[in-house]
Amino acid sequence: MGFKRLDAEDFVVSADAVQSTAWSTNSPTLTSFFTSSVQLAGSSGNYYVSVFQTASTAAGAAIQFDIAYGNIKGSGSAYFNSTFPQFTPASTTYGQYRTMILEDENTNFSFGDGTNIFSPNDFWVISADRARYKESIFPGSFNLALSGSGGLLELTDNSNDISVQTFLGSSRVYQIVSGSNGSAYNTDGFVTNSGSYGLLFPELGTIILNPDAINQSIGVVPTRTPNLTNGTNQILLYNAIRLGGAFTLNSQETITSDYVFVRSRNSEFNYSANPSFISGSTGEVVFDQFINNPQVYITTIGMYNDANELLAVAKLSRPLLKDFTKESLVRVKLDF
């Protein structure tokens, strides 16, 4: 075993953005949607409905995304306590996303920009499962088909139509418009007097939909009556998605790699401490010819810190012959 201190120029850092399909089907487009009666009947069913790529009881079933409904006035779901009708799962959901995204408990969600901005009292939320979108949703890959009494509506984000990135609170945001693959079908893709169809937050894996814009286009509208059975509005959007039959989403993550270049010059690492190389009783080299012409094989490279603690191990694909006539350069890649 031999040791050598690495210099600063021996390290190179590389970062690559990698895109992949979000859904566990390994297909960019999800075409089959299922719910779980167990989840809907449980306490979480009061707040959201989980959507699977196959029957929830089937082998390999996994949550792909959740659907929730938020209403600032508490309408559209059941009272926690009839004495305080403004507090319901819908109001809790609205407050949760307002705190997380807007970072201000006194601000409401608005859709659209310029002269066409609309602020409804409610919204639908599609939250991609954390394992699905990894680091973030890949802008331009979001395509969602919704079906209602007024026909079919195709939604996407407007990432290809804007030149300046915008933020809501500290979260990057795109407007959701009528279009495909990050571009609106016409003009800005908004709805007259109702703003955009929603907001996409890539890093949060969250899609917030504007019910009024959707209703104006295809007639899908939440029931906003007080003390409504929990889950009613979540299932309403679920059915629109299921009948639409196509939800496309890709994930994106940054893979950071450290490249370490380990060099062994002709005069270095030519001897071994292996017991077969050295006599255990005298400490002499067993074979005299190895004194001036050693033959060793490098098989492993260990990375140590200044406290002599082993931090990482690199195994060579095959033993590397080393003697006084040879030099080697091994590139070690560390991903994290």
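State yes or no: is Thr282 in contact (Cβ under 8 Å) with a residue 60 or more places away in the chain and of a type in the set (Val, Ile, Thr)?
Answer is no for this residue.
Being closer than 15 Å to Val262 by Cα and of a type outside the set (Ser, Thr, Tyr) is the filter; apply it to segment 326-336 and report the residue that is least open to solvent (accessible area, probe 1.4 Å).
That would be Val332.
Restricting attention to segment 96-111, does a residue exist that is closer than 25 Å to Ala184 by Cα, surrounded by fewer than 14 Cβ atoms within 10 Å (Cβ to Cβ) and small (Gly, Ala, Ser)?
Looking for residues that are closer than 25 Å to Ala184 by Cα, surrounded by fewer than 14 Cβ atoms within 10 Å (Cβ to Cβ) and small (Gly, Ala, Ser), one finds none in segment 96-111, hence no.
Which of (1) touching a strand residue (DSSP E or B) at 6+ places or on another chain (Cβ under 7 Å); (2) farther than 23 Å from Thr93 by Cβ; (3) surrounded by fewer than 20 Cβ atoms within 10 Å (Cβ to Cβ); (4) among the polar types (S, T, N, Q) is the odd one out, the single condition Ser171 does not satisfy?
(2)
Considering each of Ala240, Ala312 in turn, give the residue that is assigned to a strand (DSSP E or B), among the small types (Gly, Ala, Ser), under 37 Å from the mean Cα position of the chain (by Cα) and surrounded by 11 or more Cβ atoms within 10 Å (Cβ to Cβ).
Ala312
Quick grid of which residues meet (1) basic (Lys, Arg); (2) under 30 Å from Thr156 (Cβ atoms); (3) surrounded by 15 or more Cβ atoms within 10 Å (Cβ to Cβ):
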{"site": "Thr229", "(1), (2), (3)": "no, no, no"}
{"site": "Gln234", "(1), (2), (3)": "no, yes, yes"}
{"site": "Glu268", "(1), (2), (3)": "no, no, no"}
{"site": "Asn292", "(1), (2), (3)": "no, no, no"}
{"site": "Ile298", "(1), (2), (3)": "no, no, yes"}
{"site": "Asn308", "(1), (2), (3)": "no, no, no"}
{"site": "Phe324", "(1), (2), (3)": "no, no, no"}
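State all residues of segment 216-237 that are touching a residue at least 24 places away in the same chain (Cβ under 8 Å) and either touching a Lys or Arg at 6+ places or on another chain (Cβ under 8 Å) or outside any loop (DSSP other than H, G, I, E, B) (or both); if no residue qualifies, say none.
Hits for segment 216-237 are Gln216, Ser217, Ile218, Thr232, Asn233, Gln234, Ile235, Leu237.
Just to be sure, is Ala145 among the small types (Gly, Ala, Ser), part of a helix (DSSP H, G or I) and touching a residue at least 60 places away in the same chain (Cβ under 8 Å)?
no
Let me spell it out: the conditions are (1) among the aliphatic types (A, V, I, L, M); (2) buried (at least 16 other Cβ atoms within 10 Å of the Cβ); (3) not in a helix (DSSP H, G or I), and Ile162 meets all of them except one. Which number is the exception?
For Ile162, the failing item is (2).
Select from segment 112-143 the residues that are touching a strand residue (DSSP E or B) at 6+ places or on another chain (Cβ under 8 Å) and among the hydroxyl-bearing types (Ser, Thr, Tyr) and write down the one among them that is nearest to Phe190 (Cα to Cα).
Within segment 112-143, the match that is nearest to Phe190 (Cα to Cα) is Ser119.
Which one is surrounded by the fewest Cβ atoms within 10 Å (Cβ to Cβ), of the residues in segment 194-215 that are of a type in the set (Val, Ile, Thr) and assigned to a strand (DSSP E or B)?
Thr206
Determine which member of the set Asn121, Asn116 is surrounded by fewer than 20 Cβ atoms within 10 Å (Cβ to Cβ) and closer than 21 Å to Ile235 by Cβ.
Testing whether each residue is surrounded by fewer than 20 Cβ atoms within 10 Å (Cβ to Cβ) and closer than 21 Å to Ile235 by Cβ leaves just Asn121.
Quick check on segment 127-138. Is at least one of its residues open to solvent by 10 Å² or more (accessible area, probe 1.4 Å), over 24 Å from Ile255 (Cβ atoms) and in a strand (DSSP E or B)?
Yes: segment 127-138 contains one or more residues that are open to solvent by 10 Å² or more (accessible area, probe 1.4 Å), over 24 Å from Ile255 (Cβ atoms) and in a strand (DSSP E or B).
Please enumerate the residues belonging to segment 5-23 that are among the small types (Gly, Ala, Ser) and modelled with pLDDT under 95.
Of everything in segment 5-23, those that are among the small types (Gly, Ala, Ser) and modelled with pLDDT under 95 turn out to be Ala8, Ser14, Ala15, Ala17, Ser20.
Which one of these does Val177 not meet: (1) aliphatic (A, V, I, L, M); (2) more than 24 Å from Asn46 (Cα to Cα); (3) free of Cβ contacts under 8 Å to residues at least 24 places away in the same chain; (4) open to solvent by 10 Å² or more (accessible area, probe 1.4 Å)?
Of (1) aliphatic (A, V, I, L, M); (2) more than 24 Å from Asn46 (Cα to Cα); (3) free of Cβ contacts under 8 Å to residues at least 24 places away in the same chain; (4) open to solvent by 10 Å² or more (accessible area, probe 1.4 Å), only one is false for Val177: (4).
Identify, please: which residue in segment 180-193 is in a loop (DSSP other than H, G, I, E, B) and open to solvent by less than 40 Å² (accessible area, probe 1.4 Å) and is, among those, nearest to Ser136 (Cα to Cα)?
Gly182
The values are calculated or read from the model by the stated rules, or taken from the named source; none is laboratory data. Just so you know, these numbers come straight off a predicted model, no measurement behind them. Here Cβ is always computed from backbone atoms with ideal geometry, including for glycine, and neighbour counts include all displayed protein chains. All accessible areas refer to the heavy atoms of the entire protein, side chains included, with ligands and DNA or RNA removed. Shrake-Rupley method; radii C 1.70, N 1.55, O 1.52, S 1.80 Å.
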